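The values are calculated or read from the model by the stated rules, or taken from the named source; none is laboratory data. In this text, all values refer to a predicted model and were calculated from it rather than measured experimentally. Note: ideal-geometry Cβ built from the backbone for every residue, glycine included; neighbour counts use all protein chains shown.
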Amino acid sequence: MDIRLTALTAADRQPMLDLFNYYVRHGFAAFPEEPLPLAFIDRLLDLAKGYPALVAKDPAGRLLGFGLLRLHNPLPTFAHTAEITYFLAPDHTRQGLGTRLLQTLEAGAREKGIRTILAGISSLNEGSLAFHRKHGFIEAGRFRQVCTKKGTTFDVVWMQKML
């Protein structure tokens, strides 16, 4: 399938929210317990200003995924560190799209002078943990039992990749 990676635009906000809220409702890849409003995406995009932000679409224009880097900490001493967020449509996981998104975001990060990418991942999201390990991230820390969703308490695993 011909999947295009393009810069994220304001028109992508609602499909991004729909995809994110899918993971809110189904599993532990997204931390919130209840679906979020569009204001969440707006806040996320504010944090991503000046950083690489992409969407993946099929030829018909359906959003298949999105990925972005964002501010980790507003202090200038953290200027070379970014957090990464990405979500893929469930029918497009394990097909190389996540790798394409990650590689494109990493290239944009290098151009921006980012040296470290951080990812905060649910300890119950084995697929994401394995994906990040496969792509050179290492576990840098773990906040034990800090999140409870749907009656299940779990860790948040922080992974790090040096570029």
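So which helices (runs of 4 or more DSSP H) stay within segment 1-112 end to end and still have 3 or more residues that are under 19 Å from Lys161 (Cα atoms)?
97-112
Across segment 134-148, which residue is surrounded by the fewest Cβ atoms within 10 Å (Cβ to Cβ) among those that are touching a residue at least 24 places away in the same chain (Cβ under 8 Å) and out of contact with any helix residue (DSSP H, G or I) (no Cβ under 9 Å at 6 or more places or on another chain)?
Within segment 134-148, the match that is surrounded by the fewest Cβ atoms within 10 Å (Cβ to Cβ) is Gly136.
Given Gly120, Gly136, Gly151, which one is touching a strand residue (DSSP E or B) at 6+ places or on another chain (Cβ under 7 Å), of a type outside the set (Ser, Thr, Tyr) and on the phi > 0 side of the Ramachandran plot?
The conditions single out Gly136.
Could you check how many residues of segment 43-56 are buried (at least 17 other Cβ atoms within 10 Å of the Cβ) and either modelled with pLDDT under 95 or within 14 Å of Glu83 (Cβ to Cβ) (or both)?
Going through segment 43-56 one residue at a time, the tally reaches 7.
Anything in segment 57-71 that is at pLDDT 95 or above and closer than 21 Å to Ile114 by Cβ? List them, or say none.
Residues satisfying the conditions are Gly65, Phe66, Gly67, Leu68, Leu69, Arg70.
Out of all the residues in segment 12-42, which are exposed (fewer than 11 other Cβ atoms within 10 Å of the Cβ) and either among the charged types (D, E, K, R) or at pLDDT below 95 (or both)?
The one that is exposed (fewer than 11 other Cβ atoms within 10 Å of the Cβ) and either among the charged types (D, E, K, R) or at pLDDT below 95 (or both): Glu34.
Mind checking whether some residue in segment 129-151 is at pLDDT below 95, outside any loop (DSSP other than H, G, I, E, B) and within 30 Å of Glu34 (Cβ to Cβ)?
No, segment 129-151 has no match at all.
Could you tell me which residue of segment 114-133 is nearest to Gly50 (Cα to Cα), considering only residues that are among the aliphatic types (A, V, I, L, M) and either out of contact with any Asp or Glu (no Cβ under 6 Å at 6 or more places or on another chain) or exposed (fewer than 15 other Cβ atoms within 10 Å of the Cβ) (or both)? First the steps, then the outcome.
Filtering segment 114-133 down to residues among the aliphatic types (A, V, I, L, M) leaves 114, 117-119, 121, 124, 129-130.
From what's left, either out of contact with any Asp or Glu (no Cβ under 6 Å at 6 or more places or on another chain) or exposed (fewer than 15 other Cβ atoms within 10 Å of the Cβ) (or both): 114, 117, 119, 121, 124, 129-130.
Numbers: Ile114: 12, Ile117: 15, Ala119: 18, Ile121: 23, Leu124: 31, Leu129: 27, Ala130: 29 Å.
Residue satisfying both the conditions and the ranking: Ile114.
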